[in-house]
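The values are calculated or read from the model by the stated rules, or taken from the named source; none is laboratory data. What you see is a predicted model, and the numbers here were worked out from it, not measured in a lab. Here Cβ is always computed from backbone atoms with ideal geometry, including for glycine, and neighbour counts include all displayed protein chains.
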Ligand code: GDP
Ligand code: MG
């Protein structure tokens, strides 16, 4: 796979103290081969390796203490750059309803995505409505109704028995229904074809004109391989879209299509679909995808998912606090520790991450009792100390260490880690929100 190839390449580089031009070129060749094998389109591979090569040969890298590591960082940066840089969130309309239209080839995963989106939006307090504007296949309306009921969302569909119906009219009518029934997000499912064709494009463009969507999401199967570029370009010209959804990322192909589509269209990837279930779905984070491609594991996404499932209330409380400009204190730290424990075995969780098997040794060395030890230390503090860690002078630290059955050094280490987590929270605040992060794990 792409990530296996890159991992091997980087392993060879990491140990090097000095890189010659020949080293860089050998590495670029490997990266190029790995990307092509992963079905990244050739022009995209060329542009990418060109940028990496130029930066890797710069004086900055040559003078770095560990040039190999610098190259890894450059590749990582460039990957994040292609994938869009920042996480792109849904743009909601100032005046509801927000209209989200789905477009893509047949079988790309649009109808499944409609349900996942509705489910995800509901968890965030929205009232989504699904619109069956795919009247091409006999079973399409029925499939959307099944998906809608699984998501617990209302489905607007043409009356049965009224003939084939006009999808543009259905989409238009649905806007009135949403307004009168106070649905605040309307998700319009559309028809696809097995290949690109003009009639399909015209219909999608007509639906777009009829509903004036806030977002048009182009759904593309991550397994599509080299066809990704042509398909994405056809949809960009025919319908245009505001964002991309990669579906079937649970399959073998990891990253190839993502890189091609993002580079060629310049549009952000907004979501990833990773299975047939309602919750096999996540917001797309370019930095985490870059990590995944480089096989550093996608721990943050897992944690975010677990957080969504198990501790939404806690996370909201924390988010409010952060937004109100209050400091993240040790009481919050304690509840985050409890959240981590609730997620069950961290080890098991990490085992779910593709590519983690090569870190077997580190995993086996990871001591879950560390979480208990940290908790014991924080519990040995008084509530005042937890709310105001500045109080923790030497004698208090000695008392806490004794109470927790540990050493002052361990208390100091924890406080160091805590202040890093606090710093991170402050950065997130000034960076304009986002999810409340988890503290750095030991
Ligand atoms: P549409 O024609 O674009 O509406 O595609 P569908 O939503 O009907 O999906 C086509 C097939 O792909 C169905 O069998 C889905 O269950 C399956 N599917 C959709 N998304 C995913 C995904 O993320 N992973 C996997 N493994 N299958 C998916
Ligand atoms: Mg469909």
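Return the residue satisfying two criteria in turn: it lies in segment 105-143 and is within 9 Å of ligand 2 (Cβ to nearest atom) and at positive phi, and of such residues it is surrounded by the most Cβ atoms within 10 Å (Cβ to Cβ).
Selected residue: 109.
Filter segment 221-236 for residues that are under 22 Å from the mean Cα position of the chain (by Cα) and within 25 Å of residue 275 (Cβ to Cβ) and give the result.
221, 222, 223, 224, 225, 228, 232, listed by residue number.
Hey, among the residues in segment 275-292 that are assigned to a loop (DSSP other than H, G, I, E, B) and under 11 Å from the mean Cα position of the chain (by Cα), which one's nearest to ligand 1 (Cβ to nearest atom)?
Applying the filter and picking the extreme gives 284.
I want to confirm something. Restricting to segment 90-104 and keeping residues that are surrounded by 18 or more Cβ atoms within 10 Å (Cβ to Cβ) and away from ligand 2 (no atom under 16 Å from the Cβ), which single residue is nearest to residue 271 (Cα to Cα)?
Checked segment 90-104; the qualifying residue nearest to residue 271 (Cα to Cα) is 90.
Hey, does segment 73-89 have a residue that's in the same structural domain as residue 35 (by TED's automatic domain parsing), buried (at least 17 other Cβ atoms within 10 Å of the Cβ) and free of Cβ contacts under 8 Å to residues at least 24 places away in the same chain?
Yes, segment 73-89 contains at least one residue that is in the same structural domain as residue 35 (by TED's automatic domain parsing), buried (at least 17 other Cβ atoms within 10 Å of the Cβ) and free of Cβ contacts under 8 Å to residues at least 24 places away in the same chain.
Among the listed residues 130, 182, 135, 121, identify the single one that is within 16 Å of ligand 1 (Cβ to nearest atom) and either modelled with pLDDT of 95 or more or not assigned by TED's automatic domain parsing to the domain that holds residue 284 (or both).
None of the other options fit; the residue is 130.
Look at residue 149 and say whether it is surrounded by fewer than 17 Cβ atoms within 10 Å (Cβ to Cβ), within 16 Å of ligand 1 (Cβ to nearest atom), farther than 30 Å from residue 227 by Cβ and assigned by TED's automatic domain parsing to the domain that holds residue 248.
yes
Looking at segment 204-228 only, could you name the residues that are more than 23 Å from residue 258 (Cα to Cα), surrounded by fewer than 22 Cβ atoms within 10 Å (Cβ to Cβ) and in contact (Cβ under 8 Å) with a residue 12 or more places away in the chain?
205, 206, 210, 212
Out of 216, 211, report the one residue that is within 16 Å of ligand 2 (Cβ to nearest atom), outside the structural domain of residue 43 (by TED's automatic domain parsing) and under 16 Å from residue 133 (Cα atoms).
Criteria check complete, one pass: 216.
Report whether or not residue 96 is free of Cβ contacts under 8 Å to residues at least 24 places away in the same chain and either outside any strand (DSSP E or B) or in contact with a strand residue (DSSP E or B) (Cβ under 7 Å, 6 or more places away or on another chain) (or both).
For residue 96, the condition - free of Cβ contacts under 8 Å to residues at least 24 places away in the same chain and either outside any strand (DSSP E or B) or in contact with a strand residue (DSSP E or B) (Cβ under 7 Å, 6 or more places away or on another chain) (or both) - is not met.
Restricting to segment 197-208, name every residue that is within 16 Å of ligand 2 (Cβ to nearest atom) and in contact with a helix residue (DSSP H, G or I) (Cβ under 6 Å, 6 or more places away or on another chain).
Matches in segment 197-208: 207 only.
Just give me the residues in segment 255-270 being within 14 Å of the chain's Cα centre (by Cα) and surrounded by fewer than 23 Cβ atoms within 10 Å (Cβ to Cβ), in sequence order.
Matches in segment 255-270: 268, 270.
Among residues belonging to segment 174-195 that are out of contact with any strand residue (DSSP E or B) (no Cβ under 8 Å at 6 or more places or on another chain) and away from ligand 2 (no atom under 16 Å from the Cβ), point out the one that is nearest to residue 115 (Cα to Cα).
Going through the qualifying residues, I end up with 182.
Checking residue 383 against (1) surrounded by fewer than 13 Cβ atoms within 10 Å (Cβ to Cβ); (2) at pLDDT below 90; (3) more than 37 Å from the chain's Cα centre (by Cα), which test does it fail?
(3)
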